[in-house]
Structures are given as structure tokens and as C-alpha cells.
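K.L.:
One structure is given below, represented as C-alpha cells, and several questions about it will come after.
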Amino acid sequence: MSFNTFGRLFRFTSWGESHGPAIGCTVDGVPPRIALSEADIQVFLDERRPGQSKYTTQRREPDAVKILSGVFEGQTTGTPIQLMIENVDQRSKDYGDIAQSYRPGHADFTYDAKYGIRDYRGGGRSSARETAARVAAGAVARKILGDDVKIRAGMVQMGPHGINRDNLDWNEVRNNPLFCPDTAAARTWATELEKIRKAGSSVGAVIEVVADGVPAGWGAPVYGKLDADLATALMSINAAKGVEIGEGMGAAALTGEENADQMRPGAGGKPEFLSNKAGGILGGISTGQQIVARFSVKPTSSILTPRQSINSDGEAVDVVTKGRHDPCVGIRAVPIAEAMMAIVLADHMMLHRAQCG
């Protein structure tokens, strides 16, 4: 099993490597007669695209998507949608020095241990370049969800520094290069990140992603839980090391009285929740509240400081990773998080309708 496919009814298979001729995905299970164009997808790819600020890798990729199948006269046909994004700015020579050496913190050793061969050019399949395909698939998922479901994400922590929740404004995320919902924090972080970038180092981050407009009832008990699938989706993002839903790890410090989301009668016979510690999901099924998830992203492992490692012959080496890399990969993880949330929700929307009408 190669495990390059994600989803059940709405599913996509990504393909390609960092320094290959192209990357892309095949999106299957999309209902017919949904309006879809390359422009609908491109707007989200442009947000993830590298080289947009000095705080991301300076690899210059237009990330122009091409729809090769599954769309006719501006509408989906119900058949597989093939999406392709050409790679145009590869610099494979930057990676010649690590062709036989394993970069600490990267998947070099584990890929070699599993397959006995690895594409050392930018990490090959393990590169975050693959996530452009996820963003493209996520754009298709948003078309299925429609305008009633709104998905937003932002960087809420950089290194040890978190945002001030009193300043949280999702409308500010696209107004600063750090995709931060707190403009004051973004200004402070930018100064710190500039020092880190110039030093050739990196820093980690925490990304929060929320979805509004999800009705109660999506998800399934036990093995089809909405939060379990969401955790899997977010954990599959490159460099992700931890995921939490709602209060997450913080729930362990609460009492039962503090953690229970109390309810009162609301409008239209629906409950009014007095809090949202559960992150909009109970028993694996959506409550109708805002769905809230966070995940941590480790510091980019490609840094200029020499790190101890070994080569493919088992000999001790010191590794310095050259090339163009993100000083904080969490920045470009924001549109990826939105895409994975959209993919999970579209899949569960279709699963819910298939069972419950």
C-alpha cells in the first residue's frame, strides 16, 4: 500500500516530487454540475505559493494549475478531476552535497530505510512542495461545501510567542505576511523572524483553523469520527507534530464543571451552547458550533548551522543544508490547514447525505 490517497467519498490522490517536472492530484467523487474553473483553484494556490515575502522560501514558482479532466463547459462532470502544477524553478544542484548524507530532522533516513532509494533533490516526495496539490484539492472541496461553510486559519503562535486573544481578528490574516490574526503580534514576530532568517536558523509555530456554518450531524460514531479524520488530515501536513481539537490538551487541567459545554434552548428549536470546549464536535459528530482545531509545526530542519549526522555508509558527517528554505514553515501551513479542513468536511458532508439523506 502506498497511501497517497485521502478521503472516502470525496477523495484525492496526490502525485509528484519537489524537483520533478510537475506535481498534482486526481480528485474523485466530486458530484456533477458544480461550477469549477482554474481561477477558482488558483486563488488558493496563490496564498500558499512560495517566494511571496522574505519570510518564506525564495523558490519562485507560479503554481499555475491546469485542469486536465473532469470539467466540461465550466462544470464538473462527475468523473475524476486531474489537476497539474508544473515545477519551473528547481535548483537540484543545491542538494548535491547531501546526496549520500542524511539531513537531521528530515525524512532522508526513513525514506532510505523503507524504500532503499530516495530522491535527495529537495526531499522528493517528502517535500512540502506536495502540499500545493492538497490546496488545489481543497479548493474543489470548498465548491462542494458552498458559501454557507466558511473556513479560516491563522498562525496563533510563533516559537514561544502567542497572540493576544483579545486582538484576534480573522480578517487581518491576509493583511500581513505572517498570516497572523493579531496585527500587533505580527509586527513583533516579523522583527524576531527577520533575525532568525538572517542567522540561517528557523522557528516553529502553532496554526489554528476554524470552520463556521457546519450543521449538527456530520461525522459518525466510533471509527468515522469527524475529529479523528480532522486530526489525521492535519497531522499529515509536513512538519506537523501535534494536533488538538477544541480545548485539546488544556482539557486535562479542567474540572468536569468547567469542561462541559452547557446548553439552553435556542432559536428554531436548536440548542444554544454556553461554551465550546469540545471544538464543535461531540462523539465524533458535529454540534453545529464552530469547529476549532490547532496543530503545531516544528522548526524547519534545513538550517545553515552544521548538525551531526551520518551518511548512507554509516559514517559520521556534519551536514549544512543549502538551498532556499522557510525560516518558519508555519506561515505557508495556513492555507494548507484550510484546505485539509475543507477536504474533511466535504467528505463528511457527502457521507452524511449518503446515509441520512
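The values are calculated or read from the model by the stated rules, or taken from the named source; none is laboratory data. These numbers come from a predicted model, not from an experiment. In case anyone asks, the SASA skips ligands and DNA or RNA and just uses the protein heavy atoms, side chains included. Shrake-Rupley method; radii C 1.70, N 1.55, O 1.52, S 1.80 Å.
K.L.:
Run the 1.4 Å probe and let me know the accessible area of Thr5, rounded to the nearest 10 Å².
P.N.:
Roughly 80 Å² of Thr5 is accessible to a 1.4 Å probe.
K.L.:
Calculate, for the stretch 227-295, the solvent-accessible area per residue in square angstrom, rolling a 1.4 angstrom probe over the heavy atoms of the protein chains. Numbers along the way, then the final one.
P.N.:
Details: 3580 Å² over 69 residues.
So the stretch 227-295 comes to 52 Å² accessible per residue, rounded to a whole number.
K.L.:
Which percent of Cα pairs goes in each bin when the distances of the chain are cut into 20 angstrom slices starting at zero?
P.N.:
Reading the bins upward from 0: 29, 57, 14, 0.
K.L.:
Let me ask something else about it. Please tell me which of these pairs span more than 32 angstrom C-alpha to C-alpha: Lys150/Lys322; Lys150/Lys241; Lys225/Lys270; Lys143/Lys225; Lys277/Lys298? Intermediate results must be reported in sequence, preceding the final value.
P.N.:
Details: Lys150/Lys322 39 Å; Lys150/Lys241 26 Å; Lys225/Lys270 22 Å; Lys143/Lys225 23 Å; Lys277/Lys298 25 Å.
Over 32 Å apart, Cα to Cα: Lys150/Lys322.
K.L.:
Report, to the nearest whole %, how much of the accessible area of the chain belongs to carbon and sulfur atoms, 1.4 Å probe, protein only. Walk me through the intermediate numbers first.
P.N.:
Working: 8690 of 16810 Å².
Its accessible area is 52 percent carbon and sulfur atoms.
K.L.:
Take the chain, connect every pair of alpha-carbon atoms lying under 10 Å apart with a spring to form a Gaussian network, then pick out the residue of Val65, Val319, Val43 with the largest mean-square fluctuation.
P.N.:
Ranking Val65, Val319, Val43 by mean-square fluctuation puts Val43 first.
K.L.:
While we're looking at this one, here's another question. Helix by helix through the chain, keep the DSSP H runs that span 18 Å or more along the axis on Cα and average at least 0.0 on Kyte-Doolittle, and give those back in order. Mind showing how you got there, number by number?
P.N.:
Details: long enough: 131-145 (21 Å, 0.90); 183-198 (23 Å, -0.71); 330-356 (38 Å, 0.83).
Correct list, ordered by number: 131-145, 330-356.
K.L.:
In deg cm²/dmol and to the nearest 500, what is the mean residue ellipticity at 222 nm of the chain if only DSSP H runs of at least 4 residues count, each as -39500 (n - 2.57), divided by the residue total? Kindly include the intermediate steps, with their values, before the conclusion.
P.N.:
Values: 7 runs with 91 residues, N = 357.
So the calculated ellipticity at 222 nm is -8000 deg cm²/dmol.
K.L.:
How large are Rg and Dmax for the stretch 293-357 when only the alpha carbon atoms are used, in Å?
P.N.:
Answer for the stretch 293-357, Rg first and Dmax second: 20.0, 61 Å.
K.L.:
Also, quick follow-up: Against the empirical 2.2 N^0.38 Å scaling, what ratio does the C-alpha Rg of the stretch 123-194 come to? Display every interim value, and only then the final one.
P.N.:
On the way: Rg = 15.1 Å, N = 72, 2.2 N^0.38 = 11.2 Å.
For the stretch 123-194, the normalised Cα radius of gyration is 1.35.
K.L.:
Given springs between every Cα pair under 10 Å in a Gaussian network model of the chain, which of Pro177, Pro31, Pro160 has the largest fluctuation?
P.N.:
Maximum fluctuation in the GNM of the chain, among the listed residues, is at Pro160.
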